[in-house]
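Each remark here refers to the structure printed beneath this line.
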2 protein chains.
Amino acid sequence: MLNFTYQNPTRILFGQGCIAGIKKEIPKGSKVLITYGGGSVRKNGVLDEVKAALEGYDLSEFGGIEANPAYETLMQCVDLVRSTKIDFLLAVGGGSVIDGTKFIAAAVPYEGDPWEILEKYGAGVKKALPFGTVLTLPAAGSEMNNGAVITRKSLQAKLPFASAAVFPKFSALDPTKTYTLPVSQISNGVVDTFVHIIEQYITYPVNAKVQDRMAEGLLMVLIEEGPKALREPENYDVRANLMWCATLGLNGLIAAGVPQDWATHMVGHEITALHGVDHACTLAVVLPAMLKVRKEEKRQKLLQYAERVWGLTEGDEDSRIEGAIEKTRGFFEAMQVRTRLSDYGITSGNIPVLLEQLKKHGMVRLGERRNVTPETISEVLDLCR
Amino acid sequence: MLNFTYQNPTRILFGQGCIAGIKKEIPKGSKVLITYGGGSVRKNGVLDEVKAALEGYDLSEFGGIEANPAYETLMQCVDLVRSTKIDFLLAVGGGSVIDGTKFIAAAVPYEGDPWEILEKYGAGVKKALPFGTVLTLPAAGSEMNNGAVITRKSLQAKLPFASAAVFPKFSALDPTKTYTLPVSQISNGVVDTFVHIIEQYITYPVNAKVQDRMAEGLLMVLIEEGPKALREPENYDVRANLMWCATLGLNGLIAAGVPQDWATHMVGHEITALHGVDHACTLAVVLPAMLKVRKEEKRQKLLQYAERVWGLTEGDEDSRIEGAIEKTRGFFEAMQVRTRLSDYGITSGNIPVLLEQLKKHGMVRLGERRNVTPETISEVLDLCR
């Protein structure tokens, strides 16, 4: 096991009706700004429920935070918060709204140009406005971690930052709020969560048995519950298990003490940036090929994955590994997420530009061993067609 | 899944050499009191290592905190802390030292008689002196939770308390510090951790698949690594996995959203109080009989345990359940912890007094359904002989 530091102070309120409890989590007399996205929380009643729970507070709203939240939009909110002396933010939505709110929270008290927060990976952020979240879309895990990804449209840059100051004070997770999500968002959420876990699990073995068992457990729950979520959209326990999986899949716990990969995510980001393909779809395309191309360096963990997650114990090593990769692809397809570049209209001709973008963004040594070069990625993308 | 609230702010520093990092976790200029137990940390060099890490701080010491830490001892420390204006406590040891330090931390600023903290289950505790821990014995899980059990010798009372104010600020977990532990303490630690997890896992099903998979994963790691820890006392990864298991087994995570039992622990406490048997030994005696007697109400989870943890899938349900219980007993015995009352010189004649003590302490409706009466316990103890 590798040495690690782990701390996660976010308070989780979980279960049907938990939104009613958020009042206790926000200091009395706070001037609260509710942030949200495209307006679905307005239509489905979640925003009203939140406001009812916060009766008596001085409430205002900032809507319109996009998927891939834009620096330009968020800076408008920063100005608003500063000028109206808001002292608590409440993000109501999915990963994009929460990520955007983390940036706002960090930018408001920041002395200097807030762009530095993204340019320097949050290094300068020592304090932030306190904020909570009401999660409506399980996928990103942002509700219980301290990272965010923000896009600056004018520079075509999508940059992450992290700071201990931007853990949510609390997150309310009510599985019933996911009942009305479109099928594609549930599918994407399950695939996104699955790949988050794989990035922290299928690397090289360091004898971290606790972390391995937890990762395998979460993967098995996704495999068991994911397809049910499509068939039975109002099955409470299915939604509850998927929601808790998504949170635990990226709250730092399974990452503590193990190597991490994230090459699939980096390639996926470029596909999204260039072709507008949903984040989860890019992961479903890239992961099977990534595992295939890097089979040798990941051999031991792939065999463990094949046996423990998919029950593959027959045949020689290579056939078990191939079997596990195909099972993974099959799972994504069963979740109605297509797994080939061609499914999204991307052809061989697009690959050189993708590789150029990766190089341009400095993504030349990826993976848990920092040995994944553009040449490796070229091979991967070739297999993704 | 049941509704839940979960928050755990303790910062974990994990791995060989991590004690050197505690300096960053204690505010500069703090007046620090190091608390410890019988002196093994003095002999094995851990205390020196801690002091070296805290060079430049105003340090003092309070040793002599007993196994089953005594209110009387701890109150001496409370007086010392108050009179010398200590502002940070550092517990160096196992669960007893950490539990004791939690009580000291809560008692120092308490207005009123500190005994109330135990009498009223910590209800009045809103603040506590900040403290950290350096763990030397993985078992109790106290290093990452907010509970403690304190004994008041003069009243023959052993009482728990909990408060959000007594989470350690940080805990340093260096697996190499467990190399010199006596075999019995490693054995006891593994059994204690195992039964902690079982108390939160083998109850009735609530479709909490995430929590179930995590609990099963931790149990499998204990089964795999426990015996190795006896054979290879300086196998780093074995000790690291056991240490992290013990912490995660009782930090609230696997308890969130599921029913909990704890009847085995309550019966075990009485055996310890009357006969001085080690805590873990009492659990190893009581658990197999407890599961056997309450087989019907725990049937579904016992079958799941049999299949997923022990791989028992052949034969009818009852034989699989029996098999899992016997495997559990066999595991404790393999860990060199005996599983019969007679192994500790306790006979049928002692059982009535044990039952009387349980009643006297109000333990008349135990278990996840509050249906475990002294009659049930009588049957259980009869099977423990």
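The values are calculated or read from the model by the stated rules, or taken from the named source; none is laboratory data. In this text, all values refer to a predicted model and were calculated from it rather than measured experimentally. Virtual Cβ from ideal backbone geometry, glycine too; neighbours counted across all protein chains shown. What goes into the accessible areas is simple: the full protein's heavy atoms, side chains included, and nothing from ligands, DNA or RNA. Shrake-Rupley method; radii C 1.70, N 1.55, O 1.52, S 1.80 Å.
Listed here are the residues, each with its yes/no results for (1) closer than 28 Å to residue A:242 by Cβ; (2) touching a Phe, Trp or Tyr at 6+ places or on another chain (Cβ under 8 Å); (3) modelled with pLDDT under 95.
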site	(1), (2), (3)
A:26	yes, yes, no
A:33	no, yes, no
A:44	yes, no, yes
A:57	no, no, no
A:67	yes, no, yes
A:82	no, no, no
A:103	yes, yes, no
A:110	no, no, no
Elements of type strands (runs of 3 or more DSSP E) in the range A:131-243, at least 1 residues being open to solvent by 10 Å² or more (accessible area, probe 1.4 Å) and aliphatic (A, V, I, L, M): A:147-152, A:157-162
Checking the structure you have, find out if any residue of the range A:85-96 is assigned by TED's automatic domain parsing to the domain that holds residue A:171, under 26 Å from residue A:114 (Cβ atoms) and surrounded by fewer than 19 Cβ atoms within 10 Å (Cβ to Cβ). yes
Here are some residues: A:257, A:249. Which one is at positive phi and assigned by TED's automatic domain parsing to the domain that holds residue A:222? A:257
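Restricting to the range B:1-50, name every residue that is among the polar types (S, T, N, Q), open to solvent by 40 Å² or more (accessible area, probe 1.4 Å) and away from chain A (no Cβ under 14 Å).
Quick first cut of the range B:1-50, residues among the polar types (S, T, N, Q) only: B:3, B:5, B:7-8, B:10, B:16, B:30, B:35, B:40, B:44.
From what's left, open to solvent by 40 Å² or more (accessible area, probe 1.4 Å): B:3, B:5, B:7, B:16, B:40, B:44.
Passing the criteria: B:40, B:44.
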For the range A:281-319, which residues satisfy the criterion of being surrounded by fewer than 13 Cβ atoms within 10 Å (Cβ to Cβ) and out of contact with any Asp or Glu (no Cβ under 8 Å at 6 or more places or on another chain)? A:296, A:311, A:314, A:315, A:316, A:318, A:319
Might you check whether a residue that is in contact (Cβ under 8 Å) with a residue 40 or more places away in the chain, of a type outside the set (Gly, Ala, Ser) and touching a helix residue (DSSP H, G or I) at 6+ places or on another chain (Cβ under 6 Å) occurs anywhere in the range B:86-93? yes
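Could you check the range A:254-275 and list, in sequence order, the residues that are within 11 Å of chain B (Cβ to nearest Cβ), more than 15 Å from the chain's Cα centre (by Cα) and under 30 Å from residue A:384 (Cβ atoms)?
none
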Give just the number: which of (1) buried (at least 21 other Cβ atoms within 10 Å of the Cβ); (2) away from chain B (no Cβ under 14 Å); (3) of a type outside the set (S, T, N, Q); (4) under 21 Å from the mean Cα position of the chain (by Cα) does residue A:64 not satisfy? (1)
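Output the number of residues of the range B:197-253 satisfying the condition of being among the basic types (Lys, Arg) and more than 9 Å from chain A (Cβ to nearest Cβ). Outline the logic, then answer.
Within the range B:197-253, the subset among the basic types (Lys, Arg) is B:209, B:213, B:228, B:231, B:239.
Still in the running and more than 9 Å from chain A (Cβ to nearest Cβ): B:228, B:231, B:239.
The number of residues fulfilling the criteria is 3.
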Residue check for residue B:17: at pLDDT 95 or above and closer than 16 Å to residue B:243 by Cβ: yes
On the basis of being open to solvent by less than 50 Å² (accessible area, probe 1.4 Å) and over 29 Å from residue B:137 (Cα atoms), does residue B:351 make the cut? yes
Looking at B:154, B:171, B:163, B:142, can you tell me which residue is under 18 Å from the mean Cα position of the chain (by Cα), in the same structural domain as residue B:45 (by TED's automatic domain parsing) and farther than 24 Å from residue B:40 by Cα? B:163
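In the range B:20-29, is there at least one residue being among the acidic types (Asp, Glu) and in contact with a strand residue (DSSP E or B) (Cβ under 7 Å, 6 or more places away or on another chain)?
The first filter runs over the range B:20-29 and keeps only residues among the acidic types (Asp, Glu), leaving B:25.
So of that shortlist, the ones also in contact with a strand residue (DSSP E or B) (Cβ under 7 Å, 6 or more places away or on another chain) come out as B:25.
Yes, the conditions are met somewhere in the range B:20-29.
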